[in-house]
Amino acid sequence: MVSRLQAFLIRRLLWALPVLALVSVTIFGLIRLVPGDPAIVMLGADAPPEQLAAVRAELGLNEPLPVQYVDYVTDAVQGDLGRSYVTDRAVSASIASRLPTTLFLTFAGFLVSLTIAIPAGLLSATNRGEWLDGVGLGFGLLGVSIPNFWLGILLLLLFGVNLDWLPVAGYVSPLADPIAGIRYLLLPGITLGTAMAAVVTRMLRSELLEELRREYLNAVRMKGTSELRVFAHATKNAFIPVVTVIGMQFGYLLGGSVVIEQVFSIPGMGRLLIDAIGSRDYIMLQGVVLVYTTFFVAVNIVVDGAYFYLNPKLRGEE
Amino acid sequence: MADSHTATDERVAATSDDQPLLRVENLRTTFGRREPLVAVDGIGYDLRAGETLGIVGESGAGKSVSVRSLVGLIDEGEVEGSVEWRGEELIDASGRTLRSVRGSGIGMVFQNAESAFDPTETVGAQIVEAVRASRDLSKREARAEAVDLLEEVGIGDPAGRFDDYPHEYSGGMAQRAVIAMALAGEPDLLIADEPTTGLDVSVQAGIVDLFRELVAEREMSLLLISHDLGVVSQLCSRIMVMYAGRIVERGSRKQLLGSPRHPYTQAFLRSVPDVDERRDLEPIGGSPPDLADPPAGCRFHPRCPAAEAGLCDGAAPPTVRFADGDTATDADADCHEATCYAYTEAHPGGDDYDRSAVESIEWNEGVEE
Amino acid sequence: MSDAESRTVDDPDDGSPTPDSPLRRRGRSFAARFRRNNLAMGGLVVTAGFLLIALLAPVLAPYDPTAVDVPARLQGPSLAHPFGTDRYGRDLFSRVLYGARIALQVAVATPLVAGAVGVPIGLVAGYVGGRVDDALMRLMDSIFAFPAILLGLTLVAVFGQSLTNIVAALGIVYIPQFARVTRGSAVSVVEEEHVRVARSLGASHGRILLVHVLPFCLSAILVQATVTAALAIVLESSLSFLGVGVPSPRPSWGSILRVGKGYVDSGEWWYSVFPGVAIVIAVLGFNLLGDGLRDVLDPRTDPNR
């Protein structure tokens with residue numbers, strides 16, 4: 001007997017497949033549609049014919065398009081994303097070596113953003129109309145108006161160069177050396193996290209304000225409970241829609257990490273992506289985009305599942 | 001079953017038969033600052049132990065606001081006047097005082113499950129929260145108590161229902177659960193704010209019966225708000241009629257239903273179906289007044305068949321006491337009163353306004369409008 | 001004109017050439033509420049300033065933004081060069097001013113492109129409903145689900161770098177927002193009286209959409225346009241920063257910052273600060289305007305609705 005939550009997750013997975021398919025087909029198609037011979041585009045017109053032929057074979061250009069796609073997908077599911085002609089390494093290997101870095105960075109941003117947003121949102125809502133709220137709102141507005149890469153540069157200038165407290169570039173895995181790892185992730189994490197924090201703060205504030213007007217809170221008061229309990233009830237309820245926003249923001253974090261990796265010279269997947277674009281390494285591009293998409297679809301499903309779980313009306317009887 | 005009620009026990013001993021459980025004096029609730037809206041305009045009444053008092057009136061008459069003002073639930077408005085619970089002042093009281101009175105002294109039944117329950121917690125958990133807020137019980141004891149309460153209000157399979165969410169309860173059952181939660185603190189006064197509104201008529205009857213049983217068995221006082229006169233007349237021995245923030249008539253059930261004195265009460269009764277008598281319904285003409293800019297003098301005069309220009313639109317009407325006979329005591333709280341000019345000398349009067357029934361008239365002292 | 005007059009309907013004697021239509025009345029009340037809203041006015045001022053600067057850049061700029069002056073390279077802010085000079089000695093102040101032109105083009109064109117596709121999709125989805133609605137919105141959600149940067153990057157990588165291509169790419173990124181917002185408004189309007197009347201009178205679907213449904217979606221679309229303008233400026237500058245944006249020598253703020261970052265270590269801070277400030281101001285203007293418009297257009301607070 002499948003619980004409603006499980007049924008829901010299965011439905012979401014089924015939704016995810018077409019999305020992944022759509023994305024991979026689109027990338028696949030777009031790359032093939034690039035005007036001119038992709039091999040020439042990648043290697044240049046004056047590359048030796050054998051190399052061109054090799055690339056064409058690698059890309060499977062001689063096969064009909066659908067076959068190419070199916071081949072690609074079957075390989076991809078097994079973990080083989082092709083071989084980059086530019087770096088001469090397996091795409092999956094390149095990605096795998098960089099993935100943890102990007103994940104750490106994204107997680108750092110996530111952590112920073114929630115650390116700022118939750119207190120800020122709560123304080124803003126409880127002090128509505130007063131200066132604290134104004135600060136929160138202003139921060140929120142500014143947060144969505146400052147491009148994250150510029151914020152990173154400013155932080156770099158201030159803390160890295162002027163004050164020289166934190167490193168300006170590079171990365172150390174927190175697994176290898178936690179202290180150093182955190183030092184290297186601090187500025188990038190703050191940069192990534194701030195914009196998301198602004199969005200989440202705004203959302204939390206508005207949801208909480210709405211929730212605090214609800215009638216059932218009066219019922220809680222009439223039990224003789226403290227105002228803190230009342231607030232706890234309201235916050236718990238207000239969080240449910242905020243969870244979805246947080247999940248959506250993860251997408252932003254993933255995208256933002258690409259830029260932040262550039263700003264702070266962090267060797268993650270984002271760098272791989274940019275390099276691939278610059279060197280027209282379409283095989284790598286395909287693979288990297290596919291991996292990003294998969295991550296992002298996975299997070300979406302988890303978030304939707306969490307929302308479903310938290311909302312008893314949807315959850316129903318188990 | 002020995003339960004512990006801390007401070008309330010002492011106060012029970014202190015209350016004598018003479019002192020009312022609840023004394024409301026000149027309660028006034030105002031909203032808004034630039035254009036103040038007076039939702040409750042100086043009402044007062046007494047409620048004694050074991051008494052059942054009903055407040056009826058149209059929507060917007062201020063009934064709900066007035067009871068919320070009693071227990072400090074008015075957030076965006078200002079409450080003035082005096083509300084004494086067992087001699088202790090509740091208006092502007094400290095948080096601690098209010099908390100000790102809520103739940104164990106005064107319980108409130110809200111209009112429906114959506115207004116009373118947190119949708120993300122089980123009903124049982126929320127009743128347990130109510131129990132433990134007022135009584136010193138362990139989690140297990142509280143849970144058992146909650147299940148008992150669910151059973152007491154007539155919910156079948158209470159142990160099973162304990163773990164259900166509010167949206168899984170049907171309308172009538174949910175209302176019973178709301179009542180159970182209000183009883184959790186073992187209150188001496190139960191305030192019920194429109195408890196049957198929105199329920200099917202057949203379900204309503206069950207709820208009314210439930211209230212009756214509970215009031216009898218638990219020896220509670222009941223303050224019932226409703227626009228449904230039928231419900232109020234079934235449960236309340238005394239009734240007050242509110243209009244536009246003021247009490248226009250008060251008396252025993254028999255007095256009010258048998259010989260309504262205020263034109264509004266008379267009109268109200270005519271607009272409601274009567275089970276016994278077959279007659280046409282007469283809706284009350286006009287619409288309720290704008291409380292931000294209410295009519296001068298008697299608030300009802302624009303819609304009143306007996307309105308006299310120059311009299312009813314001047315100062316607030318006097319309080320007319322009627323000698324209806326058959327009152328249990330001579331106390332002020334048991335009298336039959338209406339605020340109306342129609343019973344005064346200056347008014348031409350009429351068939352509906354029997355001046356011979358008047359016992360005394362108390363005029364206001366230059367009340368500002 | 002007083003409020004009482006503005007409520008006159010079909011009165012040929014009120015002095016106006018045509019009867020006062022409901023749309024006109026709403027237009028007037030909108031203007032009044034707009035003026036009273038601080039956010040909206042603030043946003044309008046900043047955005048108008050941005051617009052003026054962009055349009056008047058050739059007049060305001062003291063130097064030719066492409067004029068190389070190597071001896072003057074990498075100089076800090078001074079009277080001659082308020083924002084300093086870049087690595088080729090070009091005046092950064094002038095480059096920033098000209099950068100506004102690119103930002104303006106992006107800010108104006110992107111919502112147009114995104115709206116041109118998104119609004120019809122939203123209208124159709126909201127009007128037709130059912131499976132079509134589901135399918136369209138699923139499609140929109142799939143695109144919307146993507147982080148804007150990733151989508152933008154990939155599209156530009158494939159299309160190639162030029163201002164037109166970039167605007168096209170950015171436009172595609174923001175189509176789903178317009179579609180959703182339009183659909184939301186359309187769905188609520190479709191049920192209303194005048195639409196049903198028009199349909200029963202035999203009006204064609206196209207006409208109904210255009211005349212009866214679209215006008216009521218306009219306020220939401222307008223707010224979305226300002227939001228998109230702000231996001232587009234940020235996205236374009238991010239892409240330029242990554243080297244995938246408008247190609248040089250056109251001075252996009254993002255690309256200036258790209259080069260400027262290289263000089264962060266060596267002390268030429270002005271290279272990284274001023275273009276960024278410009279971005280923030282431009283974006284802030286649109287965001288304020290959008291927030292203000294949202295307040296002003298909120299039907300809950302509109303007494304005339």
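The values are calculated or read from the model by the stated rules, or taken from the named source; none is laboratory data. Nothing here was measured: the structure is a model prediction, and the numbers come from that model. Quick reminder, even Gly has a Cβ in these numbers, built from the backbone with ideal geometry, and neighbours come from all protein chains shown.
Residue count for the range B:180-194 under the criterion of being assigned to a loop (DSSP other than H, G, I, E, B) and touching a strand residue (DSSP E or B) at 6+ places or on another chain (Cβ under 7 Å): the result is 4. Give me the residue from the range B:11-46 that is among the acidic types (Asp, Glu) and at pLDDT 90 or above and, out of that set, surrounded by the fewest Cβ atoms within 10 Å (Cβ to Cβ). Only one residue fits best here, namely B:25.
Considered as a group, the residues in the range A:215-268 that are crowded, with 18+ Cβ neighbours inside 10 Å and of a type in the set (D, E, K, R) include one that is farthest from the other protein chains (Cβ to nearest Cβ), and that residue is A:261.
Between B:153, B:67, B:109, the distinction of being more than 13 Å from chain A (Cβ to nearest Cβ) and either touching a residue at least 40 places away in the same chain (Cβ under 8 Å) or surrounded by 20 or more Cβ atoms within 10 Å (Cβ to Cβ) (or both) belongs to B:153 only.
Taken together, the residues in the range C:235-260 that are polar (S, T, N, Q) and in contact (Cβ under 8 Å) with a residue 24 or more places away in the chain amount to 3. Restricting the range C:29-50 to residues that are at pLDDT below 85 and surrounded by fewer than 16 Cβ atoms within 10 Å (Cβ to Cβ), the residue that is nearest to residue C:288 (Cα to Cα) is C:38.
When B:86, B:96, B:34 are checked against the criterion of being over 30 Å from residue B:284 (Cα atoms), out of contact with any strand residue (DSSP E or B) (no Cβ under 9 Å at 6 or more places or on another chain) and more than 14 Å from chain A (Cβ to nearest Cβ), a single residue qualifies: B:34.
Listed conditions (1) more than 20 Å from residue A:194 (Cβ to Cβ); (2) part of a helix (DSSP H, G or I); (3) not hydrophobic (A, V, I, L, M, F, W, C) are all met by residue A:106, apart from (1).
Among the residues of the range A:145-164, those identified as without any contact (Cβ under 8 Å) to a residue 60 or more places away in the chain, under 17 Å from residue C:238 (Cα atoms), of a type in the set (A, V, I, L, M) and within 8 Å of chain C (Cβ to nearest Cβ) are A:146, A:154.
The residues of the range B:202-232 that are surrounded by fewer than 19 Cβ atoms within 10 Å (Cβ to Cβ) and of a type in the set (Ser, Thr, Tyr) amount to a single one, B:202. Every condition in (1) outside any loop (DSSP other than H, G, I, E, B); (2) of a type outside the set (S, T, N, Q); (3) more than 14 Å from chain A (Cβ to nearest Cβ) is met by residue C:203 except one, and the failing one is (1). I'd like the residue in the range B:156-179 that is closer than 23 Å to residue B:208 by Cβ, in a helix (DSSP H, G or I) and more than 25 Å from the chain's Cα centre (by Cα) and, out of all such residues, is farthest from the other protein chains (Cβ to nearest Cβ). The selected residue is B:158. Considering the conditions (1) modelled with pLDDT of 70 or more; (2) within 14 Å of another protein chain (Cβ to nearest Cβ), residue A:38 is excluded by exactly one of them, (1).
Here the condition is being within 10 Å of chain A (Cβ to nearest Cβ), under 24 Å from residue C:44 (Cα atoms) and surrounded by fewer than 23 Cβ atoms within 10 Å (Cβ to Cβ); of C:284, C:288, it holds for C:284 alone.
Each row is one residue, and each column tells you yes or no for (1) within 14 Å of chain A (Cβ to nearest Cβ); (2) among the β-branched types (Val, Ile, Thr); (3) in contact with a strand residue (DSSP E or B) (Cβ under 7 Å, 6 or more places away or on another chain).
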site: C:123; (1), (2), (3): no, no, no
site: C:128; (1), (2), (3): no, yes, no
site: C:153; (1), (2), (3): yes, no, no
site: C:157; (1), (2), (3): yes, no, no
site: C:167; (1), (2), (3): no, yes, no
site: C:195; (1), (2), (3): no, yes, no
site: C:198; (1), (2), (3): no, no, no
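Somewhere in the range C:217-230, is a residue out of contact with any strand residue (DSSP E or B) (no Cβ under 8 Å at 6 or more places or on another chain), at the interface with another protein chain (Cβ under 9 Å from one of its Cβ atoms) and buried (at least 20 other Cβ atoms within 10 Å of the Cβ)? Yes; the residues of the range C:217-230 include at least one that is out of contact with any strand residue (DSSP E or B) (no Cβ under 8 Å at 6 or more places or on another chain), at the interface with another protein chain (Cβ under 9 Å from one of its Cβ atoms) and buried (at least 20 other Cβ atoms within 10 Å of the Cβ).
Filter the range B:112-150 down to residues that are in contact with a Pro (Cβ under 9 Å, 6 or more places away or on another chain) and of a type in the set (A, V, I, L, M) and give me whichever is nearest to the other protein chains (Cβ to nearest Cβ). Among residues in the range B:112-150 that are in contact with a Pro (Cβ under 9 Å, 6 or more places away or on another chain) and of a type in the set (A, V, I, L, M), the one nearest to the other protein chains (Cβ to nearest Cβ) is B:116. In the range C:162-175, which residues are surrounded by fewer than 24 Cβ atoms within 10 Å (Cβ to Cβ) and touching a Gly at 6+ places or on another chain (Cβ under 7 Å)? Passing the criteria: only C:175. Here residue A:25 fits the description: part of a helix (DSSP H, G or I), closer than 20 Å to residue A:297 by Cα, within 14 Å of chain C (Cβ to nearest Cβ) and at pLDDT 75 or above. Exactly one condition in (1) at pLDDT 85 or above; (2) out of contact with any helix residue (DSSP H, G or I) (no Cβ under 6 Å at 6 or more places or on another chain); (3) closer than 26 Å to residue B:32 by Cα is false for residue B:266; which is it? Against the list (1) at pLDDT 85 or above; (2) out of contact with any helix residue (DSSP H, G or I) (no Cβ under 6 Å at 6 or more places or on another chain); (3) closer than 26 Å to residue B:32 by Cα, residue B:266 comes up short only on (3).
In the range C:261-285, what residues are of a type outside the set (S, T, N, Q), closer than 17 Å to residue A:260 by Cβ, without any contact (Cβ under 8 Å) to a residue 24 or more places away in the chain and in a helix (DSSP H, G or I)? Answer for the range C:261-285, where residues must be of a type outside the set (S, T, N, Q), closer than 17 Å to residue A:260 by Cβ, without any contact (Cβ under 8 Å) to a residue 24 or more places away in the chain and in a helix (DSSP H, G or I): C:261, C:276. For the range B:238-285, the set of residues classified as among the charged types (D, E, K, R), in a loop (DSSP other than H, G, I, E, B) and touching a Ser or Thr at 6+ places or on another chain (Cβ under 8 Å) consists of B:282 only. Among the residues of the range A:126-141, those that are more than 14 Å from every other protein chain (Cβ to nearest Cβ) and either surrounded by 14 or more Cβ atoms within 10 Å (Cβ to Cβ) or not in a helix (DSSP H, G or I) (or both) comprise A:127, A:130, A:132, A:133, A:135, A:136.
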